[in-house]
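J.: Dropping a structure here in structure tokens format, bear with me for questions.
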Amino acid sequence: MPKIVPEKEYRVIKDSVGRLAGNAAVADLLALSEIGFSRRTLQRRLDELCQRGELIAEGAGRGRRYRVAGVPVKDSAGVDFPIFVESEVVEYQAQPTGWLSPEGRELRRAVRLPIKERMPVGYDPSFLQTYRPNKTFYLPASLREELKGLGEVGVSSLPAGTYLRQILSRLLIDLAWNSSRLEGNTYSLIETERLLKLGESVDGKATHEAQMILNHKAAIEMLADTTEEIGFNRYTLCNIHALLSENLMSDPVLCGSLRHRPVGISGTVYLPLEVPQQIEEYFTEILSKASEIRDPFEASFFVMVHLPYLQAFEEVNKRVSRLAANIPMIRHNLCPLSFVDVETDDYVHALIAVYELQRVDYLRDVFAWAYRRSAEKYKALRFSLGDPDPFRMRYREELKEVVREIVRFREQSPMEDRVIHKASEIPDEARDQFIKTVMIELKSLHEGNIARYRLRPGEFASWKACGELASLER
């Protein structure tokens, strides 16, 4: 089997070529202390970098020189020529006979070797530090364009989170189930649906499995409720972690807190960072770089790579990264990434390739395939839902507030009278339609859609028990 070359080796060579300002010969590189390769190995790595499009070779024989692709070269007077172009990491080549690229298949073989045959490695800061937002790309342009075409649903001009709210009931079940399944959760899709809609757990299954699914629901609801505020910032990521880890960690103070203790990861020879100050520093850098990335798919994949690699939290890192990967989709009203049909084995081993080799090819294949599957599902759902109602869009917050107050605060007066009273601040020309719409929304309430009104299951159950919902259905 061919040797898998750690990405770090390529980065050392590329950085060395860059420092030689576009005039790097093999002899010049061999003279550098950081180049610990033989001439033959160095020449092979240089050829591979040229094939990947990251270096450009000019000249022949002893006069052959290398420069970094996309970096301006200087003429004899030291003047920059304006030839800057974006540099992309490895051209993507999906195979017609399968979803894995050649690089992905190679990595899959490498990370399935027995642990004793794999070299232990630690966290490599240069993997993050050499990434330049909007200059470096893990996803090539062709793939980003393809995913954009699949993900757009015709509501990009509407406020952030519009599409999420349209499909929230379905996404809560799909994403909660699939993300939990990737952690080894044994609940079926039907069992997950009954748990989320009816609060029915399964006898004989571990209680932490139900807790894991309910925690996903709470975290997804938070993203839906705060679409205007969410982003790649400490508030969002730490609160996602706090909700996902609730009642699952030995010490509650660890929920939403960055890691201060060493951790190990089963099934891999990767050893995460142990120094809290460094974890803090690189976590901040990940959020900063993710926030700068303009392309939503590149940003989504970037956090799927770097959040698990850092292991910023003591546990639940992969779950945080999967929900965080949906933040750009929510903000751009794109189809969400629900990880439908993703095999646990592929997902885990793709991450191990990141941990041990700092290679993203396998995980990129998983990400692309997963998004294609999700987009197919949610586009079909989008067509069944139809276009958003402009009136509901205009009075979205007012409608939610009135429905929430009607359910939470019951009074003796008839419900319709209370709705009319609460609609008094709506403009005269829209008031009648507003009242009718509120009554329709109240009549349509059920366990699976109360999250859009920020209602808790207990609040809805109490309102249902008082008989007001039954009176509406008559």
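J.: Go through the range 255-289 and count every residue that is touching a Ser or Thr at 6+ places or on another chain (Cβ under 7 Å) and either in contact (Cβ under 8 Å) with a residue 40 or more places away in the chain or part of a helix (DSSP H, G or I) (or both).
T.: 0
J.: Does Ala57 meet the test of being modelled with pLDDT of 75 or more, exposed (fewer than 15 other Cβ atoms within 10 Å of the Cβ) and among the small types (Gly, Ala, Ser)?
T.: Spelling it out, Ala57 is indeed modelled with pLDDT of 75 or more, exposed (fewer than 15 other Cβ atoms within 10 Å of the Cβ) and among the small types (Gly, Ala, Ser).
J.: Residue under question is Phe313, and the condition is that it be farther than 20 Å from Leu244 by Cα and surrounded by 24 or more Cβ atoms within 10 Å (Cβ to Cβ); does it hold?
T.: So Phe313 fails the test.
J.: Ok, one more. Which residues, taken from the range 176-193, are surrounded by fewer than 17 Cβ atoms within 10 Å (Cβ to Cβ) and assigned to a helix (DSSP H, G or I)?
T.: Of everything in the range 176-193, those that are surrounded by fewer than 17 Cβ atoms within 10 Å (Cβ to Cβ) and assigned to a helix (DSSP H, G or I) turn out to be Leu189, Ile190.
J.: Report, by residue number, each residue of the range 1-34 that is at pLDDT below 75 and not in a loop (DSSP other than H, G, I, E, B).
T.: Residue satisfying the conditions is Arg19 alone.
J.: Go through the range 426-444 and report how many residues are in a loop (DSSP other than H, G, I, E, B) and either small (Gly, Ala, Ser) or touching a residue at least 12 places away in the same chain (Cβ under 8 Å) (or both).
T.: Qualifying residue count, the range 426-444: 2.
J.: Among all residue pairs at least 6 apart or on different chains, which show Cβ distances below 6 Å where the first residue, located in the range 208-234, is assigned by TED's automatic domain parsing to the domain that holds Met329 and among the hydrophobic types (A, V, I, L, M, F, W, C) and the second is modelled with pLDDT of 95 or more and surrounded by fewer than 17 Cβ atoms within 10 Å (Cβ to Cβ)?
T.: Phe232/Ser291
J.: Looking at His241, His260, which is the one that is touching a Pro at 6+ places or on another chain (Cβ under 6 Å) and either buried (at least 18 other Cβ atoms within 10 Å of the Cβ) or not assigned by TED's automatic domain parsing to the domain that holds Arg404 (or both)?
T.: Checking each option against the conditions leaves just His260.
J.: All but one of (1) basic (Lys, Arg); (2) at pLDDT 80 or above; (3) under 30 Å from His306 (Cβ atoms) hold for Arg408, so report the exception by its number.
T.: Among (1) basic (Lys, Arg); (2) at pLDDT 80 or above; (3) under 30 Å from His306 (Cβ atoms), the lone unmet condition for Arg408 is (3).
The values are calculated or read from the model by the stated rules, or taken from the named source; none is laboratory data. Keep in mind it's a predicted model, so treat the numbers as computed, not measured. Methodologically, a virtual Cβ is constructed for each residue, glycine included, from the backbone with ideal geometry; neighbour enumeration extends over all protein chains shown.
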